[in-house]
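Each value in this text was obtained by applying a stated rule to the coordinates, not by laboratory testing. Remember, predicted model here, so these are calculated numbers, not experimental data. A quick note on method: Cβ atoms are made from the backbone with ideal geometry, for glycine too, and the neighbour counts reach across all protein chains shown.
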Amino acid sequence: MRQRFDAILFDCDGVLVDSEPTTIGVLTTMLCEIGADIGFEETMQRFMGKTVREEVADIEALIGGPIPAHWYPDFLVRRDQALAQSVEAVPGIGAVLDAAVASGFAHAVASGADRGKMRITLGRTGLLDRLQPHIYGSDQVERSKPHPDVYLLAARSLQVPPARCLVIEDSATGTRAGVAAGATVLGYCAHTDPRSLLAAGASLVFDDMARLARLIAG
């Protein structure tokens with residue numbers, strides 16, 4: 001693998017930190033509070049890997065009217081409070097980062113989340129110092145995933161052509177972003193239907209970070 005790629009670009013939520021259940025739980029509760037008839041699984045299917053602030057039209061269709069002015073700022077506060085209390089690192093991700101360093105891969109985070117959220121999640125899990133300064137989020141680009149912008153930004157910052165980058169993703173939205181950037185995408189499917197990742201363009205899927213660590217080391 002080292003002969004084919006020079007850098008590894010990691011999504012954050014669901015790949016580095018196990019934040020999706022917490023975020024989706026808060027989002028489900030708050031959607032129901034404004035009139036949506038939606039459960040956790042449907043919320044996960046509709047919004048996982050996406051930026052909530054860019055899904056206003058979808059949310060308003062769910063509730064049959066405009067979102068209250070305070071709703072999105074309140075969502076950010078409640079989401080961040082929940083993450084600060086409960087988020088954990090994805091099992092085995094430390095060994096993956098060790099393997100990347102030992103094998104000489106440049107690496108970066110390229111997330112659909114904003115950097116403020118990542119400071120909370122990566123900080124709580126002890127990963128922030130390991131990944132700085134190459135942490136890039138949706139607040140730095142014009143278009144978020146499934147557009148390739150954040151992956152192109154990360155590759156450019158590492159001075160590595162996208163075709164020489166390996167992307168690690170756990171959502172179909174993010175997988176499409178990595179493919180659109182011209183990178184090779186590996187799909188982490190511990191909590192995602194592997195068929196959706198393959199359909200979005202993932203080259204292979206895996207459900208255990210130990211397998212990824214072996215691939216990188218090899």
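Hey, got the dipole for the chain? About the Cα centre, +1 on K and R Cβ, -1 on D and E Cβ, debye to the nearest 20?
The dipole magnitude comes to about 840 debye.
Can you classify segment 82-210 as rounded, prolate or oblate using the Cα gyration tensor, where a ≥ b ≥ c are the square roots of its eigenvalues, rounded means a/c under 1.5, and otherwise it's prolate if a/b beats b/c and oblate if not?
Rounded, since a/c falls under 1.5.
Which distance in Å, rounded to a whole number, links the C-alpha centroids of segment 169-218 and segment 118-159?
When both Cα centres are located, 17 Å separates them.
Under the 0.36 nm per residue contour assumption, what length would be gained going from the current alpha-carbon distance of residue 191 and residue 41 to full extension?
Result for the pair: 52.9 nm of gain on full extension.
Distance in nm between label sites at residue 199 and residue 214, each 7 Å beyond Cα in the beta-carbon direction?
If labels sit at residue 199 and residue 214, their model points lie 2.9 nm apart.
Taking every pair of distinct Cα atoms and averaging 1/r, then inverting, what Kirkwood hydrodynamic radius in Å comes out for the chain?
17.4 Å
For segment 15-22, just list the computed ³J(HN,Hα) in residue order, Karplus coefficients 6.51, -1.76 and 1.60, θ = phi - 60°, integers in Hz, with x standing in for Gly and Pro.
Those phi angles translate into 10, 8, 10, 8, 9, 4, x, 5 Hz.
At 222 nm, what helix-only mean residue ellipticity would the chain give, in deg cm²/dmol to the nearest 500, using -39500 (n - 2.57) for each DSSP H run of four or more?
After summing the helix terms and dividing by the residues of the chain, the value is -14000 deg cm²/dmol.
If one computes P(r) from the Cα atoms of segment 20-86, what percent of pairs lie at distances over 18 Å?
29 percent
Report the extension gain between residue 142 and residue 4 in nm, rounded to one decimal, defined as 0.36 nm multiplied by the number of residues separating them, less their alpha carbon distance.
In short, 46.7 nm is gained.
Taking a label point 7 Å from the Cα of residue 57 along the Cα→Cβ vector, which residues of segment 139-172 have an amide N closer than 20 Å to it?
Only 142-149 fall inside the zone, counting backbone N under 20 Å.
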